[in-house]
Each structure stands twice: as structure tokens, then as C-alpha cells.
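Working notes, structure below.
Values quoted throughout were computed directly from the atomic coordinates according to the rules given, and no laboratory measurement underlies them. Since the structure is predicted, the reported quantities are computational estimates derived from the model, not experimental observations. FYI the Cβ positions are ideal-geometry reconstructions off the backbone, even for glycines, and counts take in every protein chain you see.
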């Protein structure tokens, strides 16, 4: 296997082909297209209920040139386990990949996911995180960030947007001690390629967490999808790292933390947020930043908040960081 | 052939082993657990070359079964009650994907008013899922029906999942003499599994996509036809089995002393053994009583029942579950099947929640049916064995 290093080395043979029904500017389509290019033809795909199944597999057409199965919402970890068991018995070495959304991963699919991770099944689990149930019309999930408007966290006169912070799914995965887990951004493409390559090459349970901006759900400009993904990293709303055989490593660290408002202002879902909620989110982000990147370098954006050095869980000290 | 004294759960596990099952996803639930425990032992002792997957739930069990069956291998699993209910969503994916999965369901009541004892309300709730359902009478039939289930499920005219239903505790945990077939005999009866459709990167296929209204109806119709085709295959498999192993079960239904009977009961599961005994008693008293044993709930034996009941004046239908709508599911389906036959049909609910069905209860059922056969007015549905004054 030749190691891919940059976008120039990407295979051009698409396994997820054009003609699908994704919205203009869909971050998920960008992620899936490129993941499938790297995984190649010797891949078997499972997709649970999600945008992806609707845009890519409406009988009698399919955008996947690989074998493809769909059944239900909550069982990506389980169905992929079954497929892999059968293919192993038949002597096939195909990569079995589950391409699930954040609802299918953080919420309804968490149990089957945990089971597969705990048994260290030889599968690749990809969470395409658009921070909500976008396929059913923009409802809140465990992945939706604090303050965001969704149809089930409406901006009302008493309550405005989601009141809970985003669940740390990577920490949950890390607690299962998998051979490989990584967070990816479509704005950091060389990093993206390396991580998919690494996940493809490893054996056992592998987890990729990709932020996939959603134009209708995030109320954003279709031309800004990659820019929003980039700004998420620069503000600390998304962090790029990998955990390999228990060792955690930051793969990209922004020089200076940009204020969260730089990220929020690009999206209509945060438009209603007032100073109090913005500060609350910024404080949570600062704690997350210092936890991930260390607190030896003070961030001006965080100067007004008490520095957070506490360790929330033993695994965090071990795995979240350096 | 080897003679063993084993429970029905173990008999089913032996059948799955003799069938050379390749993947066994599993989750424990009483009274099914003995089956997967025994299979785990077979695998860990090297007696069975299969993958045992300890799942996180029954929903995941059926999801793994779908994945593995779509991956092209022979899959067996087992469950009960709440576990079957948790699988409900995934059960529907199997027939429409035409995956020949075989599963034992050890019948147990479905809560609330929870218990671990036999009642058929768990599997009866799944009778319209597209799974074929066979109910067994004893431990030998549990083994034989499981072997036949693989042959039936994998027949190209059928390609449907089969659920083998057996009474919790009465069979699952009770030992009986069981004739264990030899591996070579089973290998002759059940050829190596060849998948019809499978997920193979060298021949990529899209399985179970989203199906719009333009196509869904034809797919459901094809499924309906496949269930219809299973009727003749069930008869063929029964004959094949008889030729290889010398035991026959009559296909969709079996009958006992029905030839000149004027009235009869229709039973399923272990109540059939008791009914045989009561029929013998009634016959010794000169009464013309008979018995129909319902084996398959799906496909339902409409034609066979009409033919069997042609000369009956009255038929009582036993149900070990209630529809909470006046009777049980078997009663309503039998009544529908016989609506063009002049036989009077009565419903008899008994053994609910694992309550013992005594010879007296069965005798009461026959007495009611006898009255109906003489033209006397009787209740359309009777619950037998209720304690106290429940009117």
C-alpha cells in the first residue's frame, strides 16, 4: 500500500458517484465521496437511516459502486459485525464500513456501537456529524451544540435553542480502547486523507468522526461549507486528533483561538444567541481548549474565564492530551 | 443415530449444530438461554466451526443475523418473549430481504403482568412479519422442525426466515428421549448453504434500499407469493425428512383419530399431547372425538383445515394467547378459514401466563365442542381454568 500524503495523491476512481440527491454544499457528500475514494472497490458499505441512505440508495438506483446494505437506524455496529463475520468465514478481506449520522451514533445507535467497539470487531465506523437529525427535518441530537436552534429546540420566548452541550463521543469511544479513533475535518484535507488511510490499514475496531456542515440545518451559505468547517477548528468547536493504540496525538493545533462568534456568525442556527449564551458557550470552549491543547499558552479569548484544569474523567488525562 | 435424554432447548442446539450453522449471534433470555449456552459450548469445544457473537441486545442479534446472512453464511439464533419484541423492527427486514435465517423462539409471556412462563403472545404478535412459524409438540419435534426449517428456508422457491416456536419450560427445560441423527444423514438432507444474494465486492449489489411506492407493492406481493410457495415446499421437506430419518409430521397440520370424528379440538404446542390423551378417553367412552394439530401458523393451512373439517359438526380452537378482542389469534384465523364450511367453531383460551392446562380443562373444552356439535347453544369463546368468580 502506497501511503497517501496529500490531495494530489488521492485516487480518482469514485466509489460514491455523482447523481446523488444531496443538497448543494452538503458536507456529508464531500466526506463520503472522499472516504469512499480512499477505501476503494474492496469495500462493503452499511448505511443506517440517515440523509445518506435517502440521497444514495433509492430503488432502483444507487450511488455506491460497492455492495451496500440498509436496514434500520440503531444497528450500524451490529449489522457491520454480522457482515464482517460472514465475509471472514468466506475468506473475503473487504473493508466493512458503517457510514452513520450523529443521531445514529450519539443517540439511538450508541448501544450497538459500544458493543462493536467493546468486542473490537474488525470494522470501520464513520460518524458523519451534522449535529442533528437533519434527514427528518432538523431536530436536536446529542451532537447538537449548545444554543443552536433546531425544530425541537426552537427559539421561544422562555427558552432559546438547545440548553445542553455537545456530547463528547470521542471520549466515549476512547474509553473502549480501540486500535484507532480520529476526528476529521473536510477543511483539513491532507490530515483527512492520512486518517482515512490509517483507519483503512488497521485491523480491529476503527472510528472516524467527521464534522459535516449541513446547509439547511445550519442555515448556512452553500459556498461556505468548507469555510465553516475550518472556522470550527480555529475556534475550538472542533478539534483534530487521533488515538492510536491508546496514545492520543493532536494532528492540528490552531496558533491562536479565535472567538466563537467568528464561527457562530456564519450560521443562521445561532443567530438568536445573546451575550449571556455566547459567553456560556465560550467558557465551555475554553475549558475544552485547555483540556485538549494544554494550558501553557494563555488564550486572550479566554482571559475573562477562570482557567479550567480539572480532569473530568481518568481517561481524559490519559487520552486527551499531551 | 444416537439416543439422548435432553431438553428441547438442547435438542434445538443439537439441530443447529448438525445443520452446520456458521454464525450464531446471541443474547441471553430465559427460557431460551440453554440453547445459546449449548452452542457456545459446542463452538468452544471445537465440535462446531462457527462464529459465536455475544451481542448487546436482541435488536443487535437480529441486526447481526441480517448482516451475516446478507454476507452469505448460514445463520441461527434463538430468543424468547421480550427479546422477540425487541427484535420486532429487525424481523421485518429479513423476509423482505429474502434471507433464510432460522430462529428458535421459546414461547414465554410478554409483559406487563410479566412472567417467564409459556404463552404464545410473543410469537403470535409477529405472525404478519413474513416469517414462517412452526409450533412443536415435543423435544423430538423441536429438533426435527429446526432441521427442516433450514431446508425450507433455503429452498429457492421460498427464501424466507423460519421461526421454530416451542413451549417455555414445558419443553425448553424438560428432558425427554430424543433420537439424534448422524451428521452424514443431516448432510444428505441439508446440503451446504449457497446464498442466493450476498454482499460481495466482486459482484456489488444494493440490498434493501429505500423503495418508493412505484415498486414497494410488487415487492410485498412477491413476498406474499413466496409464503404461498412455501406450502408445497413444507410438504416436500416433510416427505424428504421422513425418507431420511423415518419420522413425519404431516406438513402444515396433523390429525389424530379424525377419520370418523363428529367433533374435534384444534391445538398447537404441548397442549396437543394432552388432547391426544383426552381423545383416547372420549373414544373409549364411545364418543366420536378427534384432534387437529396446527403445526404452521404461517403459512396458515386454510385449504387443509377446510378439507379436514369437512365432516366435522363442530371444532374447538385452543389458544395459548388472547387478542383481547373476544378470543385468541388462532381462533379468529380458523374461524375465517372455515367461514364457508358448515362446522361450528368455538374458541378456548387456556394456559395463559404458563398456567397448567389439566386433563379436566381439556375435557371441558371437548364437552363444550360436543354440545356445539349437537346444535346446543354454547359460548363462542371460553377461558378455561380461571380461578374464582370472574364473570
Across peptide A:103-112, what mean number of C-beta atoms from other chains lies inside 10 Å of a residue's C-beta? 1
Sort the range B:183-258 into rounded, prolate or oblate with this rule: let a ≥ b ≥ c be the square roots of the eigenvalues of the Cα gyration tensor; rounded if a/c is under 1.5, and if a/c is not under 1.5, prolate when a/b is larger than b/c, oblate otherwise. oblate
Taking the Cα atoms of the range B:322-384, report the difference between the largest and smallest coordinate on each principal axis, in whole Å and largest first. 34, 24, 14
From Cα coordinates alone, what are the radius of gyration and Dmax values for the range B:253-383 in angstrom? 13.1, 37
Compute the FRET efficiency between residue B:336 and residue B:4 as 1/(1 + (r/R0)^6), taking r as their Cβ-Cβ distance and R0 = 41 Å, and round to the nearest 0.05. 0.50
Could you state the angle between the C-alpha long axis of helix A:189-201 and the longest principal axis of the C-alpha atoms of chain A, as a value from 0 to 90 degrees rounded to the nearest 10? 40 degrees
Could you tell me which of rounded, prolate or oblate describes the range B:1-153, using a ≥ b ≥ c as the square roots of the eigenvalues of the alpha-carbon gyration tensor, with rounded for a/c under 1.5 and, failing that, prolate when a/b is larger than b/c and oblate otherwise? rounded
Find how many whole Å separate the alpha carbon centroid of the range B:153-180 from the alpha carbon centroid of the range A:179-224. 46 Å
Residues B:5, B:12 in order from fewest to most other beta-carbon atoms within 10 Å are B:5, B:12
If the chain between residue B:242 and residue B:222 were fully extended at 0.36 nm per residue, the gain over the current Cα-Cα distance would be 4.2 nm
Relative contact order in percent for chain A (Cα pairs under 8 Å, 6+ apart) equals 16 percent
Enter the mean number of other protein chain beta carbons within 10 Å of the beta carbon of each residue in A:89-97, as an integer. 4
Exposure proxy check on B:182, A:131: fewest-to-most Cβ neighbours within 10 Å is B:182, A:131
How many Cβ atoms of partner chains, on average, are near each residue of B:50-57 if near means within 10 Å of its Cβ? 6
Test of understanding: ordering B:283, B:20 by Cβ neighbours within 10 Å, fewest first, what list do you get? B:283, B:20
Reciprocal of mean inverse Cα separation for the range A:33-166 (Kirkwood radius, Å): 15.8 Å
In whole angstrom, how far apart do the alpha carbon centroids of the range A:147-168 and the range B:66-103 sit? 39 Å
Sort B:155-167, B:220-232, A:77-89 by packing, meaning the average of other beta carbons within 10 Å per residue, with the highest value first. A:77-89, B:155-167, B:220-232
Based only on the alpha carbon positions, what is the Kirkwood hydrodynamic radius of chain B, in angstrom? 21.3 Å
Mind listing P(r) for the protein assembly as shown? All alpha-carbon pairs, 10 Å bins, whole percents. 3, 14, 22, 20, 16, 12, 8, 4, 1, 0, 0
In whole angstrom, and with the biggest value first, how far do the Cα coordinates of the range A:7-255 range along each principal axis? 60, 45, 38
Taking alpha-carbon centroids only, the range B:354-391 lies from the range B:112-132 a number of Å equal to 23 Å
Can I get the semi-axes of the range A:187-302's equivalent ellipsoid? Compute them from the C-alpha gyration tensor as square roots of 5 times the eigenvalues, in angstrom, largest first. 26, 20, 11
Could you state the angle between the C-alpha long axis of helix B:139-154 and the longest principal axis of the C-alpha atoms of chain B, as a value from 0 to 90 degrees rounded to the nearest 10? 50 degrees
Compute the relative contact order of the range B:2-245 as a whole-number percentage, counting only Cα pairs closer than 8 Å that sit 6 or more residues apart in sequence. 25 percent
Going by the alpha-carbon gyration tensor, a ≥ b ≥ c the square roots of its eigenvalues, is the range B:1-85 rounded (a/c under 1.5) or, if a/c is not under 1.5, prolate (a/b greater than b/c) versus oblate? oblate
Cα coordinate range in the range A:1-100, projected on the principal axes (Å, largest first): 37, 33, 22
